[in-house]
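Coordinate-derived values only; no laboratory data. Quick caveat, the model's predicted, so the values are computed rather than measured. Quick reminder, even Gly has a Cβ in these numbers, built from the backbone with ideal geometry, and neighbours come from all protein chains shown.
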Amino acid sequence: MALLEGHKVSKSFGGVQALSQVDFVVERGTIVGLIGPNGAGKTTLFNAVAGAFKPTSGKVIFDGADVTGLPANAICRRGMARTFQVTRPFAAMTCLENVMVAAINRHPEKPRPFIEAFAHEKLDFVGLAEMEGTEARHLNVIQKKRLEMARALATEPKLLMLDEVLGGLNTQEISQAVEFIRSLRDRLGLTVLWIEHVMGAIMKAAERVIVLDQGQVLMAGNPAEVVADQRVIQAYLGD
Amino acid sequence: MFAISIMNGLVMGVIYALAALGVSLVVGIMNVVNFAHGELYILAGYFSYLFASALGVNFVLALVLAVGLVFILGLLIEYLLIRPTYGNDMYSLILTFILSIVLQNAYLLIFGPYPNKPPLWVSGATDVFGLFLYGNQRLAALVAGAAVIAVIFLIIKKTWFGRIIRAASQDREMAELNGVNTTRLNMLSFGLGCALAAAAGVILAPVFPVTPSAGVPVALTAFVVVVLGGMGSLWGCVVGGLTLGLVENLGAAFISTGYKNVFGFIILILVLLVRPSGLFGRAKV
Amino acid sequence: MTGKKIVWVAGLIVAGMCILPLSLGIYPQHVLIVSLFYVMMASSWNLLAGFTGQVSFGHAAMAGIGAYTSGILAVKAGVDPWIGVCAGTALAALLGLALGALCLKMGGIYLSLTTLAFSQILHIVIVNEYDVTRGTMGLQVPGLVAEYSKITYYYIMLAAAVLMLTILYRMIHSNLGMNFRAVQNDEVAAKSVGAKVLQVRVLAFTVASAMAGFAGGLYGHYLLLITPEIPSLDLQFKVLAMTVIGGMGSFFGPIIGAFALNILEEYIRVYGEYHVLVFGLVALVVARFAPNGLIGLWRKFRPMKTHLAVK
């Protein structure tokens, strides 16, 4: 059974149809890319799935359960974590505290020393260990992205939803990031749904790619198929 | 009894609408609730008293000066206090609340606790529809208030400045992208909002006593009207203001005078519970 | 500061506070008692506004609920004031729960306006229902102890304040406190990592209101006269000013603000009733130029150090 399924997910804002009958599947233990030109509705889909708002119609099935319309915190507790396109750190709290917030909601019964050690380990994992006492507002963009990753991982998710994490990185950093995300799948067994504009990275890392255009699924297939598809090429050229 | 209450309701309603317009403008464009709105209303009353009574200035000039001075003060307040809070509505709420208290106490210090009354524009009373006698000053207030509201509507709907205001209150970012200097717009809007409070103040000052804390119920009422009518809606202010004025005065006449002000607050809570966007406001996504 | 050190320092301060009034006259003792009332009010308001970002204008009203409930029960039904205070606290907690739940779906401004409306409605009801509340004349109520003694009342308020501050301290440093701060920093992000945002906000309202009710109840029986000045916008302003000047969102800020402003008020009174104006001007300047209050300024000019502990 797939980890995440969307059935005819639709969302309209006032008169604007942002998502229209979106069907998709994310299999366990895979990295699935979500691409599409600007305004295609990728982040909107994330928001509808992760509970930032309710879909206007359609269903979202996560790990066998219908989670349609559940609030974001309930969905997080079921094992879905997400990052934000523009990072949202807890600015006036230290990096360690940022991750601790996720940790205490995951393990509310555990004592503070455990939580601190747990959070420290996650920060270490993303390479931010030496920043742990610094307030998040002092971090640069890339550090903030790493912090958001650490925070998401601290919720011990089954599914990690990434929203354009490679923006602003140079070639070497992109390579490292792709390796890192691959290791999440290979070593931690996570499933990843990944919105990205850096096409090369997606094509290298993802096993499957879903293409959105104007709120609808254009096609879904393996990277090679997607890259060669005429409709996909048209959608991007038209952008 | 009933007829007089209706008249009072209309007069107060028009004034409430005018005061609410000032609040609504600022909320719509800057997302700022000016707690000190009432104090600016009263300040205009104080100015009109100062100029007309104490200094013997021609009373029309006094009115214009009063409103003008408050407008300039509004610009100053925006520049000094409100501008740095942009984006953080809690911050501006706290600042304007403190400002409101500071102004009230300053008035107490400067003008003293006793009521001041600027001279009446017109004296005597008129027979209304042959039903009852009604004070001419109040009738004048009704007409003046309605006139100012009409002027504001004209400005907003017909002029270029009005179009900018409408655009900015709908979508600030878009307006900015289209070259609108939002900083200057904010300052002018805030000043205009204060000027509207001032207009309401000079209109009612001859009728109700001008005391340091008399502005508080005015601000609170303006907030209720804005919520009832819908944030950012001009028609909402008019309909909301008239509704509230009528409800209050009819309620005071037939239910209880002591509880007159309760109706507004109950209405506010009910509206926020049932239909937060108010009668005419835009529904939040 | 480590946990053990804090307990020692706190213990010393409390011990000092116990001895302090013995060397003071009746009026200074009164000032200290009033200060302790405001310490409780400001600290609990800080929980709402400073820690969960809910700027409530109904906090003074909650104190009024505590005071009037206890007072009316004592006068009309002969209920022992101590039980009355408990009843007042419970009612305030209940109303806080209701108000908090009401305001859940509202954004910041609407929440503030709703609490404002609530406080105004309460004020109007109290002023009008003369038969029950004696309106603006004030309700005369019995004291908490048979024999009136300033020192006794001082120790009662001190104990109450210490109790309240201990509860607040434990709360702030618990998981709940961390969630409070997260919600205040970024509610959407907090939700995305599993924080029960709605529960957190309603809980803060309930606890803060209960504390205000408790403080109000005790204060009323100290003053022996309960007037609509307690649930008034003026008292609300003083609470707000003390918190803002002391430092919103910090534990010690409201405590410092409360003592500082109350003592300052006495010095200003010599010249006339200008203290509210002065508070207002200071609060305005602080809010505009030093939004983190005195505590924020102190932190800025301390040597920088990064550390793990929550302040």
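Okay, here's what the table says:
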quantity	calculated
Longest site-free stretch - chain B; sites: chymotrypsin sites (Phe, Trp or Tyr not before Pro), DSSP loop, at most 16 other Cβ within 10 Å	B:130-285
Segment C:78-201 - Debye-derived log10 I(q)/I(0), Cα point model, q = 0.14, 0.19, 0.22 Å⁻¹	-0.93, -1.22, -1.31
Percent of C-alpha pairs per 5 Å bin, segment A:56-108, short to long	4, 15, 21, 22, 18, 10, 7, 3
Structure-based [θ]222 nm, chain C - -39500 (n - 2.57) summed over DSSP H runs of at least 4, per residue, nearest 500	-24500 deg cm²/dmol
Sorted by Cβ density within 10 Å, fewest first, the residues A:76, C:86, A:95	C:86, A:76, A:95
Pairwise label distance in nanometres, residue A:207 with residue C:155, each label 7 Å out on the Cα-Cβ vector	7.3
Inter-chain Cβ neighbour average for residues B:101-108, partner chain, 10 Å	6
Dimensions (Å) - segment A:87-156, Cα atoms, principal axes, largest first	33, 21, 19
Share of pairwise Cα separations in chain B, more than 32 Å, in percent	22
Additional length obtainable on full extension of the chain from residue C:146 to residue C:98, 0.36 nm per residue less Cα span	13.7 nm
Pairwise label distance in nanometres, residue B:133 with residue C:269, each label 7 Å out on the Cα-Cβ vector	5.0
Dipole of chain A, positive direction: furthest Cα of A:19, A:223, A:201, with charges on the beta-carbon	A:19
Exceeding the 18 Å Cα-Cα cut-off - candidates A:122/A:144; C:76/C:150; A:8/A:42; A:11/A:54; A:144/C:105	C:76/C:150; A:144/C:105
Pairwise Cα inverse-distance average, inverted: Kirkwood Rh of the protein assembly as shown (Å)	29.5
Simple spin-label estimate for residue B:181 and residue C:137 in nanometres, 7 Å along Cα-Cβ	6.2
Under DSSP loop assignment and at most 16 Cβ neighbours within 10 Å, longest GluC sites (Glu not before Pro)-free interval of chain A	A:110-206
Estimated dipole of chain C in Debye, rounded to 20 [Cβ of Lys and Arg +1, of Asp and Glu -1, Cα centre]	1280
Neighbour cut-off at most 16 other Cβ (10 Å), DSSP loop, GluC sites (Glu not before Pro), segment C:202-311	C:229, C:273
Computed magnitude of the charge dipole of chain B (debye, nearest 20; Cβ of K, R +1, Cβ of D, E -1)	360
Per-selection Kirkwood Rh - chain A (Cα, Å, 1 d.p.)	18.3
Difference of contour (0.36 nm per residue) and Cα-Cα distance, residue B:150 to residue B:76	23.9 nm
